[in-house]
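Let me begin by presenting the structure, written as structure tokens, before commenting on it.
Readers should treat all values here as calculations from the given coordinates under stated rules, not as data from a laboratory. All values derive from a computational prediction rather than experimental measurement. Cβ coordinates were reconstructed from backbone atoms using ideal geometry, including for glycine residues, and neighbour counts include every protein chain displayed.
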Amino acid sequence: MEEYAEELRTPPVTLISLVGCPEIHPLISTHLHSQQPPINTLALPDFSNISVLAPSHKDTPIPYSPLGILKRDWLLKHRTRVPAVAAALFSSHHVSGDPAQWLHVCSDLENLKAVIRGRNIKLLLIVVQSTSTDDISEDRMIALRKRAEVDSKYIIMIIPNDASELKESLNRLGGAFAELATTYYKDEGRRIKTRIEKKSFNSIELNIRYCFKVAVYAEFRRDWAEALRFYEDAYHTLREMIGTSTRLPVIQRLVEIKTVAEQLHFKISTLLLHGGKVIEAVTWFRQHNASYKRLVGAPEVIFLHWEWMSRQFLVFAELLETSSATIQSISSLVLGTADRPLTEWEFRPAYYYQLAAHYLKEKRSCLELALSMSETANEIDVSAESVIPSVYVGQFARLLEQGDGFAMQPLTNDEEYIRYALAEGKRFQDSFEIIALLKKSFESYSNLKVQRMESFCGFQMAIEYFAAGDLTNAKHFFDCVASLYRQEGWVTLLWEVLGYLRECSRRHGSVKDFIEYSLEMAALPVSSGTGIQSFRFKECGPAGPANLSRREIIHKEIFRLVGGEPGLASDEDNNSLKVTGDQPLHLEIDLVSPLRVVLLAVSCFS
Amino acid sequence: MIVCVAVVGHQNNPLYIQSFTEADDALKLHHIVHCSLDVVDERVNNPKKAGPTLNETFLGLLYPTENYKVYGYLTNTKVKFILVTTDLDVRDADVRNFFRRFHAAYVDAVSNPFHVPGKKITSRTFAERVSTIVKSFGLSSAG
């Protein structure tokens with residue numbers, strides 16, 4: 001979730017702007033910020049700064065073909081740079097001053113009006129009085145109001161020196177700002193909504209963009225229901241785009257769609273969860289998962305798909321975790337409907353963390369494969385350096401130096417994009433991330449006292465540690481897991497774990513452990529007709545498949561080791577395991593342990 | 001397609017586990033079956049949570065995972081049956097029907113005087129019967 005931009009993660013906050021009289025800006029902005037809901041302030045000290053409020057470019061003609069679905073900075077712009085209301089602050093001296101001052105006030109006001117008209121920003125007037133005895137002539141006030149073309153309730157007097165008056169006028173100000181801002185966001189939302197209703201767009205991209213904008217404007221107004229509806233519309237329209245859009249090269253097209261889908265999904269889940277609709281959120285996630293799971297994309301970049309999938313699970317896990325305060329108890333929920341049953345597991349973050357780890361593992365193996373396939377693996381870094389995210393969400397461009405400045409050029413072909421993606425992929429250490437995810441899941445399950453799931457996570461963690469060469473951690477987790485499998489008699493699973501443990505102790509050079517694990521393995525009742533097929537070697541860990549012939553090999557190894565044959569189970573670091581006369585080995589074996597039988601056999605026949 | 005079925009005893013020990021898959025994920029299926037026992041425990045200990053009533057033997061969907069769905073069934077002698085399938089759309093009726101037939105096969109197998117209760121089921125007849133039931137899964141909806 002941290003990798004999402006701040007503006008996406010938090011609900012939008014109304015933005016207003018103050019122009020003129022900079023000395024009382026802190027006073028007003030602090031008050032507005034402490035309001036419920038808060039209002040952010042964009043303070044412009046002087047009327048000469050107002051050009052920042054003007055639209056940055058002339059409006060493009062409405063029927064045009066966009067180059068992307070969502071603009072990357074649109075949301076940030078509306079949260080930090082485009083205010084809903086602009087308040088012009090004038091001091092009472094200037095308003096009631098000589099004609100030159102009055103003229104100055106009027107021209108400032110006209111300029112401001114001209115600038116904000118382009119964006120339909122609402123106007124509010126604040127007259128700052130130094131004392132309550134300051135008198136402004138009625139005529140001037142009426143003239144001011146007429147020039148500003150605002151309702152009389154949107155001209156507010158402030159007397160910073162009078163505490164009791166000030167509080168009241170600040171409250172009035174807060175109310176007026178909130179009211180005007182709501183109107184602004186409503187108007188803007190309605191303006192775009194009409195475009196959707198009239199279908200005055202010639203591309204599906206614009207349809208999605210409009211839905212997104214309406215939803216954001218609704219969020220500004222805290223109309224969560226409407227926001228949700230339009231995010232969902234955008235999401236569904238986007239899903240239909242797959243297979244019909246031809247704007248970008250195939251791979252990049254899918255990447256863009258998935259990135260946008262991810263953002264929309266994130267918004268929808270957040271809204272659902274914060275609204276306490278946990279069941280809907282989980283059902284929604286399930287559908288999201290189902291509709292994108294199979295869109296793996298081109299074979300060269302399948303790892304991107306798994307990475308994306310993993311992120312979906314991770315983010316949902318985090319969302320679920322942060323909103324778990326609102327979920328009082330899972331048991332009170334009525335789970336799902338008859339045709340779409342939900343299970344209690346799907347309400348637990350641990351479940352999603354675990355699957356996030358699973359998909360990340362998938363990503364890692366696909367990335368390794370992709371890297372090994374690409375012949376140019378070593379040259380990748382050079383050409384990929386100048387690739388950066390472009391102005392559209394989910395698109396990438398090459399940064400070109402042009403004289404003093406830079407220009408962005410879209411990546412024209414997929415090869416270039418693949419090189420970039422591979423270079424990016426190489427930068428990350430997935431196994432740390434996988435362990436971190438599994439650990440979260442592991443801890444969460446152990447808090448819930450869900451033993452077997454916990455063990456499974458522990459087991460996967462241990463394998464990661466094992467692969468990374470961290471034998472101490474690996475052994476710790478393998479041992480925990482082994483005890484559960486031992487207790488419940490899951491022979492095949494135990495065999496696998498013991499195989500790892502045996503390998504750990506061999507690499508560690510620990511003779512006692514090695515012999516103990518080997519003896520236990522040799523004593524396991526495998527292949528006694530329980531329908532265990534021959535597993536393939538790869539997935540069975542170091543011990544190989546659990547069958548009689550493997551058992552026999554292990555048997556013989558211990559015989560030879562205990563018999564004192566040197567150099568049998570040595571590893572690369574010269575820690576050869578051996579049992580000699582000067583270093584006798586003590587094994588304490590329980591009377592009822594099956595190990596005893598094996599040991600008897602060993603001592604009899606060796 | 002059913003990829004795995006299992007019978008699990010009172011101590012959560014496996015009595016019979018058979019996977020029906022060409023791919024080399026049999027071991028993974030063992031893990032999945034083992035993990036699903038947690039869900040069975042939870043359902044049994046908190047019966048009101050689940051939709052079905054207390055006396056229902058069919059436990060329903062235990063949990064979905066990666067590409068699998070896991071279903072459970074608890075006999076009146078507290079023996080658990082676990083089913084793992086890769087089908088996306090599974091009808092409850094089909095699963096119930098499967099478990100009913102599987103239960104019958106299990107009862108016959110443990111009624112064998114040579115079978116030691118609580119030990120692994122090694123009967124070849126049982127294995128054959130199970131594979132027939134598995135093959136016919138989902139084919140006949142009326143059953």
> For B:Arg91 and A:Lys77, what is the calculated FRET efficiency with R₀ set at 45 Å and r taken between the beta-carbons, to the nearest 0.05?
Replying inline: 0.35
> Between A:Asn120 and A:Ala436, what length in nm is gained on full extension when 0.36 nm per residue of separation is reduced by their alpha carbon distance?
Replying inline: 108.9 nm
> In straight Cα distance, which aspartates and glutamates are under 19 Å from B:Lys78, not counting same-chain residues fewer than 8 positions off?
Replying inline: A:Glu488, B:Asp38, B:Asp41, B:Glu42, B:Glu56, B:Asp108
> In debye to the nearest 20, how big a dipole does the range A:1-220 give about its Cα centre with +1 on each Lys and Arg Cβ and -1 on each Asp and Glu Cβ?
Replying inline: 1260 debye
>> Quick check: Cα centre of the range A:144-183 to Cα centre of the range A:261-283, how many Å?
In response: 38 Å
> For the range A:196-247, what percent of Cα pairs sit more than 19 Å apart?
Replying inline: 27 percent
> PRE reach from A:Thr133 (point 7 Å along Cα→Cβ): which of the range A:159-183 fall under 17 Å by backbone N?
Replying inline: A:159-163
>> Could you tell me the extents of the range A:1-220's C-alpha atoms along the three principal axes, largest first, rounded to whole Å?
In response: 60, 36, 27
>> Assuming 0.36 nm per residue, please report the length gained on full extension of the stretch A:Met373 to A:Ala290 beyond their Cα-Cα distance.
In response: 26.9 nm
> For the residue pair A:Ala163 and A:Arg486, what label-to-label distance in nm results when each label sits 7 Å from Cα along the Cα-to-beta-carbon direction?
Replying inline: 7.4 nm
> Picking from B:Thr125, A:Ile156, B:Gly9, whose Cα lies most toward the positive end of the charge dipole for the protein assembly as shown (charges on Cβ: Lys, Arg +1; Asp, Glu -1)?
Replying inline: B:Thr125
> Using a Gaussian network model of chain B with C-alpha springs under 10 Å, which one of B:Glu66, B:Glu56, B:Glu128 is most mobile by mean-square fluctuation?
Replying inline: B:Glu66
> Between A:His476 and A:Ser51, what length comes free when the chain is fully extended (0.36 nm per residue of separation minus the Cα-Cα distance, one decimal in nm)?
Replying inline: 146.6 nm
> With labels modelled as points extended 7 Å from the Cα through the Cβ direction, what inter-label distance (nm, one decimal) is found for A:Glu401 paired with A:Leu67?
Replying inline: 2.2 nm
> Among the GluC sites (Glu not before Pro) within the range A:102-210, which fall in a DSSP loop and have no more than 10 other Cβ atoms within 10 Å of their own Cβ?
Replying inline: A:Glu149
> How far apart, in nm, are two points set 7 Å out from the Cα along the Cα-to-Cβ line at A:Gln35 and at A:Arg147?
Replying inline: 2.6 nm
> Around A:Met157, which amide H atoms from residues at least 5 apart in sequence, or from another chain, sit under 5 Å from its own amide H, with H modelled in the peptide plane?
Replying inline: A:Val127
> Hey, what angle do you get for helix A:430-447 against the long axis of chain A, alpha-carbon based, 0 to 90 degrees rounded to 10?
Replying inline: 90 degrees
> If you wrap a convex hull around the Cα atoms of the protein assembly as shown, how much volume per residue is inside, in Å³?
Replying inline: 230 Å³
> In debye, nearest 20: dipole of the protein assembly as shown around its Cα centre with unit charges on the Cβ of K, R (+) and D, E (-)?
Replying inline: 2280 debye
> Roughly how big is the range A:194-241's charge dipole about its Cα centre, with Cβ charges of +1 (Lys, Arg) and -1 (Asp, Glu), in debye to the nearest 20?
Replying inline: 160 debye
